[in-house]
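The values are calculated or read from the model by the stated rules, or taken from the named source; none is laboratory data. From a predicted model like this one, the values you see are computed outputs, not experimental measurements. Here the Cβ is made from the backbone with ideal geometry for all residues, glycine too, and neighbour counts use every protein chain on show. These area figures cover heavy atoms from the full protein model, side chains too; ligands, DNA and RNA do not enter into them. Shrake-Rupley method; radii C 1.70, N 1.55, O 1.52, S 1.80 Å.
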Amino acid sequence: MKRLSWIPLLLPALAACQVVAIRAERLYPVSGPMIANGVVVVRGGVIEAVGPAAEVTIPEGAQVLTCKVATPGLVDVRASVGVSGMLNVPGHDQDQIERSSAMQPELRAEDAYNPSEPLIRYVRSFGVTTVHSGHIPGMLISGQTAVFKTSDGTAREVLLKAGTAISATLGPDALGSPNPGTRAKQMALLRQTLTDVRDAKPGGTANLRNEALARVLAGEVPLLVTAHKAQDILLALRLGEEFGIRIWLDGASEAYLVLNEIKAAKVPVLLHPTMFRPDGDARELRLDTAKVLHEAGLPFAIQSGFEGYVPKTRVVLFEAAMAAANGLPFEAALRSITLGAAEILGLSDRIGSLQPGRDADIAMFDGDPFEYQTRCVGVLVGGKPYPGEG
Amino acid sequence: MWLPLILATLALQPDATAYVGARLIPVEGPEIADGVMVVSGGRIAAIGDRSTPIPQGAKVVTLAGKVVMPGLVDLHSHVGGPGGGDQSGAIQPDARAMDSINPADPGFRRVTSGGLTTLNVMPGSGHLMSGQTIYVKPRKGVRILKDMLVRDGNGWATGGMKMANGTNPIGGANRPGNRSRAHAMVRQHFLKALEYKAQLEAAKSDPTKAPKRDLGMEAMVEVLEGKRVVHHHTHRADDIVKVLQLKEEFGFKVVLHHCTEARFVASEIAKAGVPCSLTYVDAPGGKLEAVNVDFSNAAELARAGVSVGFNTDDGITDSRFFIRNAAMAMRYGLPRDEALRSLTINPAKHIELDHRIGSLKAGKDADFIVLDGDPFSVYTRVQQTYIEGLKVFDFGDPADRKFALGGEGSRGNGTIHLCCAEAD
């Protein structure tokens, strides 16, 4: 079952030997408390030192950037930029879903990801340095997701983690041909398919679909289940329990109704964008669900998700801001689009916080990042500077 | 002529109420740090600083630490499920949004949680002319549409005419196949309306010359006479310019809606004296006409001298986040004063209701909102919304809060109308 995989190139060559220091009036490492008058030193695309200006020496010759506020580069825990393009022209820039059959776990995000997509640069200008993108909700199993940096480069160069999760959908979004026609049939098909893979005898012809699902059964890869209604959330949890597989809840707009069940199942929530349209099976979403999840102590992160029309993508910075406006404490809101997201993705040793040894992914702002009047004034991805918004 | 309205509101609110101690943002006129606003009979009786006399026996409501500003005016809403023309043709001025709105739609309560007090409810953009729009106030407890109307001095319902160009009204059954055909159809239609209008005028001296009554043409005559403002969906710069040409040729009043590429032709729009009602979304694209979406649009238009307002296009954007549009425009250079106007007095002027709404001024309708901080901070929330002196939303009331935050029972049975995504 050896799998061909790309080895992500960690450091853009340009940044390899450059030393950059960022001075911020308020520095949020997220892994620790805010540092007033903080400094981050970056060497070779990696963070070398973090601390108060009084304690961290800026190396001679370093390029020094100053800003009011610096945070870790933002991590979008569930996006579709790169596979779903700005133009929204099917057959041209819309590779986010394949509707020819209900289950296609062998499809890989990195085979469709276009790192030159303008929406990637757009979200980067608002501080987003990592996106977990790929196949969107809408099919019983739509394909594999992957994590990418938003730096310039080929798909291979910006790929951080291939086969991050396998995207599945329960409930109304995945009903109707070629998907099953009822919830019971959705569950029956998933059960039969997972059972077949589990019981398959070794050997025979290589089968990409079975290999992908075998990794789910082995606990190597989570099943990322989009479920909005409480009953569908519970179906996802039941599937996880029955097969002993890892579940990530996606969307989960009615999570506020089944907090205890989610907590008991120890699954993370990749929460819908706060400003997601309250329609379809997400019609009863609440603006304060992030706050409720936070208070319940559940691991969660706020996503940009998928948009089929205008706006073609959402921006996690704005979505976390709206969560903060609806009761999620500032630090928790920041965490939900940085370290919280990185922890869910299993990448907190690389991204999501400002600590020595972490990737030099940093967002700079001229004030409170969530305030309407604040602008993102610059971004580092792997130590390489990119322009902020506007 | 206002007597029936005044009597109706007096009956509901016999006494004057004085709102005291808030920072008042009248929009027209300087801010008052610690003000008094007296409301009586559904109207603003007086507004000023602490020296403003409070009528004897008035109820006093203390709003220390709060901010009060005019109720917000949204020129483009699809709340209540408005329909217009059907598949039978591309131009249907006889179809009226007011005949299809469900006044009990919970969306009307949701919009009040965002501070909206006047809406232009419209059909979608799948037609060159999809019908008559309607100006409403989401008054509390309304079950029948006539109680939502904003009536003119003669007691008539007020509203505009919805038009669209660009890609949305092109293609499909009984629709034009390209922009040239679309523009030709619209011009032909206006020429027909001019003829109808001439027949009506001739009939004044010779009744035998009266044309057969045509409800669509009657609405068109209102458009030609400037009594019914055209609300024109348009995105691309060349399409915007075509609207200006049409206005010049036929002389109607028009507000440009969405205006994605308006900043590219800002001076032409300013020269034509045509206002823009902008819809802001958080990212470009989603359709080819929207690839140049940019938060700088409002500032650039205002700089060129265009009167700028915002709209929600609800459900394209949610009415609860209406203030955010102006705040994001400020982020990209729209002056604060203009930002305040873009949500209130400017849209009120665009629909010619500024004698009643859009600012806090003695004699105007007592439509106002109470905020717990500066309007342009993300952390500020609309605490209360008043229409004609009556509280229609209070975040402190769990029954109202449900509409502000969402959740069980907040949506009713309606579905979101994505105006511009649909063929009609």
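Could you list, in sequence order, all residues of region A:157-184 that are open to solvent by 30 Å² or more (accessible area, probe 1.4 Å) and part of a helix (DSSP H, G or I)?
Result: A:Glu157, A:Pro172, A:Asp173, A:Arg183, A:Ala184.
A:Leu298: more than 14 Å from every other protein chain (Cβ to nearest Cβ), part of a loop (DSSP other than H, G, I, E, B) and of a type in the set (A, V, I, L, M, F, W, C), yes or no?
So A:Leu298 fits the description; yes.
Can you pull out every residue in region B:141-165 that is buried (at least 17 other Cβ atoms within 10 Å of the Cβ) and out of contact with any strand residue (DSSP E or B) (no Cβ under 6 Å at 6 or more places or on another chain)?
Those that are buried (at least 17 other Cβ atoms within 10 Å of the Cβ) and out of contact with any strand residue (DSSP E or B) (no Cβ under 6 Å at 6 or more places or on another chain): B:Val142, B:Leu145.
How many of the residues making up region B:288-308 are facing another protein chain (nearest Cβ under 7 Å) and crowded, with 22+ Cβ neighbours inside 10 Å?
Total satisfying the criteria: 1.
Give A:Pro172, A:Pro115 a once-over and let me know the one that is touching a helix residue (DSSP H, G or I) at 6+ places or on another chain (Cβ under 8 Å) and within 14 Å of another protein chain (Cβ to nearest Cβ).
None of the other options fit; the residue is A:Pro172.
Are there any pairs, at least 6 apart or on different chains, whose C-beta atoms fall under 6 Å, with the first in region A:87-103 and assigned by TED's automatic domain parsing to the domain that holds A:Glu117 and the second modelled with pLDDT of 95 or more and assigned to a strand (DSSP E or B), and if so, which?
Final answer for the pair search is A:Gln94/A:Ser84; A:Gln96/A:Ser84; A:Ile97/A:Ser142; A:Met103/A:Ile141.
Working carefully through the options A:Ala218, A:Ala214, A:Ala200, find the one that is out of contact with any Phe, Trp or Tyr (no Cβ under 6 Å at 6 or more places or on another chain), open to solvent by less than 40 Å² (accessible area, probe 1.4 Å) and of a type in the set (A, V, I, L, M, F, W, C).
Only one candidate passes the filter, namely A:Ala214.
Quick grid of which residues meet (1) among the small types (Gly, Ala, Ser); (2) within 25 Å of the chain's Cα centre (by Cα):
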{"residue": "A:Asn37", "(1), (2)": "no, no"}
{"residue": "A:Arg43", "(1), (2)": "no, no"}
{"residue": "A:Ala54", "(1), (2)": "yes, no"}
{"residue": "A:Pro72", "(1), (2)": "no, yes"}
{"residue": "A:Asp76", "(1), (2)": "no, yes"}
{"residue": "A:Glu98", "(1), (2)": "no, yes"}
{"residue": "A:Ala109", "(1), (2)": "yes, yes"}
{"residue": "A:Val123", "(1), (2)": "no, yes"}
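I'd like to verify a number: residues in region A:282-310 that are under 18 Å from A:Glu261 (Cβ atoms) and of a type in the set (Asp, Glu), how many?
Qualifying residue count for the region: 2.
Going by the structure shown, is A:Leu317 open to solvent by less than 10 Å² (accessible area, probe 1.4 Å), among the hydrophobic types (A, V, I, L, M, F, W, C), within 14 Å of chain B (Cβ to nearest Cβ) and outside any helix (DSSP H, G or I)?
no
Which residue is farthest from the chain's Cα centre (by Cα), if the candidates are limited to region A:354-390 and must be of a type in the set (Gly, Ala, Ser) and surrounded by 24 or more Cβ atoms within 10 Å (Cβ to Cβ)?
Here the residue is A:Gly383.
How do the pairs read when you match residues in region A:275-304 that are not assigned by TED's automatic domain parsing to the domain that holds A:Thr338 with residues anywhere that are acidic (Asp, Glu) and at pLDDT 95 or above, using Cβ under 9 Å and keeping only pairs 6 or more apart or on different chains?
none
Going through region A:45-61 one residue at a time, which ones are under 12 Å from A:Arg23 (Cα atoms) and either open to solvent by 50 Å² or more (accessible area, probe 1.4 Å) or not in a strand (DSSP E or B) (or both)?
A:Ala53, A:Ala54, A:Val56, A:Thr57, A:Ile58
Tell me which strands (runs of 3 or more DSSP E) are completely within region B:160-271 and hold 2 or more residues being in contact with a helix residue (DSSP H, G or I) (Cβ under 6 Å, 6 or more places away or on another chain), or say none if there are none.
The strands (runs of 3 or more DSSP E) meeting that bar are B:230-234, B:254-258.
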